[in-house]
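Beneath this line is the structure, given in structure tokens, with notes to follow.
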Amino acid sequence: MRFIFKTDYAQDIRIVKHGGQVFWYSLLMAVMLAAPWWAGDYWLSQIGFVLIYAVAGLGLMVLAGFTGLASIGHAAFLGVGAYVETYLSARGWPFPLAMLCAAALSAAVGVVVGLPALRVKGIYLAIATLSFGFIVEEVLARWESVTNGNAGVAVGAPQFFGIELASSEAFYFLTLAVCVGVTLAVLNLMRSATGRAFIAIRDSEISAQSMGIHLAGYKTLAFAISAAIVGLAGALYAHKLRFISPDQFGIVQSIDLLLLVVVGGLGSLHGAFLGAIFLITMPQLISLGKDWLPPSIGQAPGCRRWSMARC
């Protein structure tokens, strides 16, 4: 572990802390850019899912990890972003514009959720967001004129100003670009005054309020930013699956997102990526290795169910 003696504030808020990080992040980026050449189609698809879930994890990390507000209904924002992207792209909107609209509408829904949730905290806030998740899932199932109900709707390839990104390699690079952009945006957010206000609220609401931080305003802003980022992930998720239905954005998906940030590490940007890797690769590893495990473990109902859920 490297310890850095900081002597000024600029050094404290620097994105890259030392030369070692520059080297390892550059090496990681080179490996990711070369993925279409060293990874097969299957593993390239899995890496794409990791990147999409990492974006969603970054969104939930802003709310749960940095602001300290629990949510068990974030799959609803994923669904809002996915359906907005699907609806607009089917009408010929270019992918960047449709994706921005998906993020904007998800942020607006996040504000609607955040305002009533300001009166509760802890487990009661988690229950409130869980209820909101059920409401959104029901709306998606009932609003058949827009969402096609439980029958689901097919999603085409993203259109980038007349260019169709139909190949898996093109969509992978698009997902990688969005993931890198969101990561840099969250990094800059957390070293800004707004991000430090979020952390102050997480550590102690009373202390934050005594320093002049407007709790209601910053909590609502945290909900909006978190929902917008998860909405971006939903837009990518819809194009990745090529078919969406309301049951894909239920409580199981919300628990997966919460598991992602908890396993990866609350309050850590790296945790969003580590949690996404765990969430996507662990079922695959269980599926590959369960035949080598003792029968009492490999053939357990829970082990079989989890491995099949992600295949």
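Only one of (1) more than 12 Å from Ala222 (Cα to Cα); (2) part of a helix (DSSP H, G or I); (3) open to solvent by 40 Å² or more (accessible area, probe 1.4 Å) is not met by Arg91, so which one is it?
(2)
If you go through the stretch 140-170, how many residues are free of Cβ contacts under 8 Å to residues at least 60 places away in the same chain and not in a loop (DSSP other than H, G, I, E, B)?
Residues that pass the stated criteria total 6.
For Gln209, only one of the following conditions fails: (1) in contact with a Pro (Cβ under 9 Å, 6 or more places away or on another chain); (2) surrounded by fewer than 20 Cβ atoms within 10 Å (Cβ to Cβ). What is its number?
(1)
Between residues in the stretch 82-104 that are touching a residue at least 40 places away in the same chain (Cβ under 8 Å) and residues that are hydroxyl-bearing (Ser, Thr, Tyr), which pairs lie under 6 Å by C-beta distance while being six or more apart or on different chains?
Short answer, once both residue conditions are applied: Ala82/Tyr237; Tyr83/Thr147; Ala98/Ser89.
For the stretch 253-281, which residues satisfy the criterion of being of a type in the set (A, V, I, L, M), open to solvent by 20 Å² or more (accessible area, probe 1.4 Å), touching a residue at least 24 places away in the same chain (Cβ under 8 Å) and in contact with a helix residue (DSSP H, G or I) (Cβ under 8 Å, 6 or more places away or on another chain)?
Leu258, Leu266, Leu269, Ile277
Checking Thr147 against (1) within 20 Å of His270 (Cα to Cα); (2) open to solvent by less than 20 Å² (accessible area, probe 1.4 Å), which test does it fail?
Failing condition for Thr147: (1).
Every residue in the stretch 110-127 that is open to solvent by 40 Å² or more (accessible area, probe 1.4 Å) and among the hydrophobic types (A, V, I, L, M, F, W, C), please.
Val111, Val112, Leu115, Leu118, Val120, Ile123, Ile127
Can you pull out every residue in the stretch 182-202 that is open to solvent by 40 Å² or more (accessible area, probe 1.4 Å) and under 19 Å from Val31 (Cβ atoms)?
Leu184
Could you tell me which of the residues Ser131, Ser106 is more than 20 Å from Val262 (Cβ to Cβ), out of contact with any helix residue (DSSP H, G or I) (no Cβ under 6 Å at 6 or more places or on another chain) and polar (S, T, N, Q)?
Of the residues listed, the single one that is more than 20 Å from Val262 (Cβ to Cβ), out of contact with any helix residue (DSSP H, G or I) (no Cβ under 6 Å at 6 or more places or on another chain) and polar (S, T, N, Q) is Ser131.
Output the residues belonging to the stretch 40-71 that are hydrophobic (A, V, I, L, M, F, W, C), surrounded by fewer than 24 Cβ atoms within 10 Å (Cβ to Cβ) and closer than 27 Å to Ala154 by Cα.
Matches in the stretch 40-71: Trp43, Leu44, Ile47, Phe49, Val50.
Would you mind telling me which numbered condition in (1) modelled with pLDDT under 90; (2) under 19 Å from Leu279 (Cα atoms); (3) within 20 Å of the chain's Cα centre (by Cα) Gly68 fails?
That leaves (2) as the condition not met.
The values are calculated or read from the model by the stated rules, or taken from the named source; none is laboratory data. Source: prediction; values computed, not measured. Here the Cβ is made from the backbone with ideal geometry for all residues, glycine too, and neighbour counts use every protein chain on show. When the accessible area is computed, the model is the full protein with side chains, heavy atoms only, and any ligands, DNA or RNA have been set aside. Shrake-Rupley method; radii C 1.70, N 1.55, O 1.52, S 1.80 Å.
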